[in-house]
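The values are calculated or read from the model by the stated rules, or taken from the named source; none is laboratory data. In this text, all values refer to a predicted model and were calculated from it rather than measured experimentally. For neighbour counting, all protein chains shown are included, and Cβ atoms are generated from backbone atoms with ideal geometry for every residue, glycine included. Each accessible area value is taken on the protein alone, full model and side chains, heavy atoms only, with ligands, DNA and RNA left out. Shrake-Rupley method; radii C 1.70, N 1.55, O 1.52, S 1.80 Å.
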Amino acid sequence: MPPAPFPDGRLACAAEGATVLVTDLEAPAAVVTEIEGLGGQATAMAQDVTDEARWDAIADEAETRFGGFQVLVNNAGVGASRALADTDLAFWRRIQSVNLDAVFLGTRTGFRRMAPGGSIINISSVLGIVGNTGTSAYSASKGGVRLFSKSAAVEAAQTGLGIRVNSVHPGYIGTPMVMDNVANQAEPEKVVAMIRARHPVGHLGEPEDIANAVVYLASDETKFVTGTEIIVDGGYTAW
């Protein structure tokens, strides 16, 4: 299946011929309809990624419908800025539960259910590599994803699972999560300008920039790539 008919970054794996099982808090049927309308194959399921039992149900469905799964992308995340002194434990735990605990649950499911040759791709952030004001909870969760992925990769290799585990670290991407957070600031336009200025390329990234990294890590071309991070940040961490 040629990539050309799939312009949206969300559809990049389908563009390469993958059958996609996509999940969200509510089953994202619109994405499935879009993929199928362009000739791809997909199904959707509702999933709270912090629900341990739900991960088994998702894996069961993948095995029943498709005979298993070879790629797992842990992409769910929440982000919010809050000064450390104003961070309560409930806020801290909410950030960790979605951004880190769910990555553990997904990766563990992959270890238990994926066949050798599989690829687990954990989405972290540049703020899992460098710090920033007001992001202590977020940075802790994303830094945890980075080192968790490394340890998981070593264990998968040394115990003979034959599964690759890597992390992807986006810079600021023009997604609803980022833009909604900006819109809630006192001077959104100044915030956007400041964020752009932090990237040497002078602009925010696009979802397909991250999707392309995911496709690479999902492919057989990365059979010797594990335990590493791919930084897609327009130079954010370079200075």
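Values computed for the structure shown
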item	result
Residues of region 230-239 that turn out to be surrounded by 17 or more Cβ atoms within 10 Å (Cβ to Cβ) and either at negative phi or modelled with pLDDT under 95 (or both), as a count	5
Residue within region 177-185 that is more than 17 Å from ASN132 (Cβ to Cβ) and touching a residue at least 24 places away in the same chain (Cβ under 8 Å) present	no
Qualifying residues in region 19-31 (those that are closer than 15 Å to ALA62 by Cα and open to solvent by less than 40 Å² (accessible area, probe 1.4 Å)) - the one farthest from the chain's Cα centre (by Cα)	VAL20
When residues of region 148-169 are limited to those that are surrounded by fewer than 24 Cβ atoms within 10 Å (Cβ to Cβ) and among the hydroxyl-bearing types (Ser, Thr, Tyr), the one farthest from LEU72 (Cα to Cα)	THR159
Residue among VAL145, VAL130 that alone is of a type outside the set (S, T, N, Q) and open to solvent by less than 10 Å² (accessible area, probe 1.4 Å)	VAL145
Number of the exception - VAL78 against (1) at pLDDT below 95; (2) open to solvent by less than 30 Å² (accessible area, probe 1.4 Å)	(2)
Test for PRO2: is it modelled with pLDDT under 95, surrounded by fewer than 16 Cβ atoms within 10 Å (Cβ to Cβ) and within 21 Å of ASP220 (Cα to Cα)	yes
Qualifying positions in region 208-224 - among the aromatic types (Phe, Trp, Tyr) and out of contact with any helix residue (DSSP H, G or I) (no Cβ under 8 Å at 6 or more places or on another chain)	PHE224
Subset of region 182-209 (residues that are loosely packed, with under 15 Cβ neighbours inside 10 Å and in a helix (DSSP H, G or I))	ALA183, PRO188, GLU189, LYS190, ALA193, MET194, ARG196, ALA197
